[in-house]
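Every number in this text was worked out from the coordinates using simple rules, so none of it is lab data. These numbers come from a predicted model, not from an experiment. Glycine also receives a Cβ, built like all others from the backbone with ideal geometry; neighbour counts cover every protein chain displayed.
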Amino acid sequence: MKKKLRRTMLFCPANKPKHLFTSMIYEPDCIIFDLEDAVPFNEKVAARDLLVEALKAIDYGQVEVFARINALYTDFGEDDVRALVPAGLKRLRLPMCESEKDVKDLDVLLTEIERAHNIEVGSVKVQCAIETPKGVVNSLAIAQASPRVTSISFGAEDFTRTLGTDRTKAGNELFLARSTVALNANIAGVDAIDTVYADVKDEEGFIKEVESARNLGFSGKSCIHPSQVELVHKIYTPNSKDIEASIKIIEAARNADIEKGGVIVVDGKMIDIPVIAKAERILELAVGAGIQIGGVSI
Amino acid sequence: MRAMCGTEDASDVLVSVLLEGRGIVVNLKSKNKPLFGRMIEIAVRETCLEMNIENAIIEVKDFGALDFVIKARTKTAVRAALKQVN
């Protein structure tokens, strides 16, 4: 089965008309139209109206479209949801998510809107943004709070602000939080999306951070500039050597009938269930990146 | 008092609405008027119809906006005008 990849989530302010119809040309896996921090207070309603009309008019193709709504405790959050869902939005990002209750409150609101507009109940999915120490500690409960949650994301800027510290390039102050979010996402079976990297001119630093996030277990990265999209995709796309090795492992495992247990040796290396699972993940990423895999169905 | 929405940026439109007069009057300024003037006016009028607005004087300064942008800006401006009246 082909899993939907969320390697890149490109942020676009929803108050700029041009972004609403040009952002998909950079081919991110996901676009997040932002109604929250990127939109000035006096443009909140106009930005929401723009996004509603864009959703009704534009075919975004294979790109998964999210809206980052305003927090539900603000004057705008609930109205964002009430306007966007009937317009066709299927994915939304809940900012400043700190507890299971935050998710359940949104779940109740979404269910009410879906019922009122004859939309399949549960079809609108949610990404919960973990942006505070409390959110990090509760991230497992948040990720498991509703079947609507398909991913949790980590937001370093608000996290360091709340913690009363500064964000550094080394990122030591984020290590525990990022690891916790990635681990808890894995336990809950949802995607983990890493925080943005604000210095768009520092390509080297960005690449290091994406590699580090991938190694921690993040499924993807939030991007704030189109130039970051291709860099992330390259890092998350397996090379031909890894793909060939993975095909060999899966074929050998199937031939030896050890996919549900047992051990064999391929090229002098022990192959068991975790190794097979890793090989499947590599092929999944390769297929998601558009690489043709011959002979092995995944 | 007029209610306004939009900007003069490329791909945007500036819409100002005055809920007065009889019927919907659309005054359009656009470099694209010969080509798209009729379409722009239809988008504005359709939005008024959807919002049950029967009387309004609407100034539209277009800077190459797509249909969905014209509708959104009109909707926001009309809503702001209604708020002023109420």
Identify which of A:Phe41, A:Phe66, A:Phe218 has the largest mean-square fluctuation in a Gaussian network model of chain A, with springs joining Cα atoms closer than 10 Å.
A:Phe41
Expressed in angstrom, Rg and Dmax over the Cα atoms of region A:63-106 are 10.4, 30
If you take the square roots of the eigenvalues of the alpha-carbon gyration tensor of region A:176-298 and sort them as a ≥ b ≥ c, do you get rounded (a/c under 1.5), prolate (a/b over b/c) or oblate?
prolate
Normalise the Cα radius of gyration of region A:138-188 by 2.2 N^0.38 Å (N = residues in it) and let me know the number.
1.23
On a full-extension model of 0.36 nm per residue, what is the gain between A:Glu251 and A:Asn186, subtracting their alpha-carbon distance, rounded to one decimal in nm?
20.8 nm
Region B:3-85 - Kirkwood radius from inverse mean 1/r over Cα pairs (Å)
12.2 Å
Using only the Cα atoms of region A:21-159, what semi-axes does the equivalent ellipsoid have when each is the square root of 5 times a gyration tensor eigenvalue? Give whole Å, largest first.
22, 18, 15
All other residues with a Cβ under 15 Å from the Cβ of A:Phe66 taken together, and with Lys, Arg as +1 and Asp, Glu as -1, what is their net charge?
+4
If you find the alpha carbon centre of region B:18-86 and of region A:128-143, how far apart are they in angstrom?
44 Å
Provide, as a two-decimal number, the C-alpha radius of gyration of region A:132-222 over 2.2 N^0.38 Å, N being how many residues it has.
1.04
Test of understanding: ordering A:His225, A:His233 by Cβ neighbours within 10 Å, fewest first, what list do you get?
A:His225, A:His233
To one decimal place, what orientation-averaged projected area in nm² is obtained for the convex hull of the Cα set of region A:1-103?
7.2 nm²
Note the per residue figure in Å³ for the convex hull of the C-alpha positions in the protein assembly as shown.
172 Å³
So what's the Cα pair-distance distribution over region A:78-171, bin width 5 Å, in %?
3, 14, 24, 19, 15, 11, 7, 4, 2, 0
Measure up A:Lys134/A:Lys278; A:Lys16/A:Lys56; A:Lys44/A:Lys169; B:Lys33/B:Lys71; A:Lys16/A:Lys221; A:Lys18/B:Lys83 against 26 Å on the Cα-Cα distance and list the ones that go over.
A:Lys134/A:Lys278; A:Lys44/A:Lys169; A:Lys18/B:Lys83
Hey, how many Å between the Cα centroid of region A:1-62 and the Cα centroid of region A:218-293?
30 Å
Gaussian network model of chain A, springs between alpha carbon atoms under 10 Å - residue of A:Leu109, A:Leu183, A:Leu94 with greatest fluctuation:
A:Leu109
Run through the DSSP bridge list for chain A and note the antiparallel percent, rounded to the nearest 5.
10 percent
Sort by residue number and name the cysteines in chain A that have no neighbouring cysteine Cβ under 4.7 Å.
A:Cys12, A:Cys30, A:Cys223
Compute a Gaussian network model of chain A, connecting alpha carbons closer than 10 Å, and tell me which residue from A:Pro40, A:Pro226, A:Pro133 fluctuates the most.
A:Pro40
Counting other Cβ atoms within 10 Å, keep those with at most 10, restrict to DSSP loop, and tell me which trypsin sites (Lys or Arg not before Pro) in region B:21-73 are left.
B:Arg22, B:Lys31
Taking A:Ser240, A:Ser146, A:Ser212 and counting other C-beta atoms within 10 Å, the order from fewest to most
A:Ser240, A:Ser212, A:Ser146
Efficiency of FRET between A:Asn215 and B:Leu35 - r from beta-carbon atoms, R0 35 angstrom, step 0.05
0.05
Given DSSP loops and a limit of at most 13 other Cβ atoms within 10 Å, what is the longest stretch of chain A that contains no such GluC sites (Glu not before Pro)?
A:121-258
By how many degrees, between 0 and 90 and to the nearest 10, does the Cα long axis of helix A:240-256 differ from the longest principal axis of chain A?
60 degrees
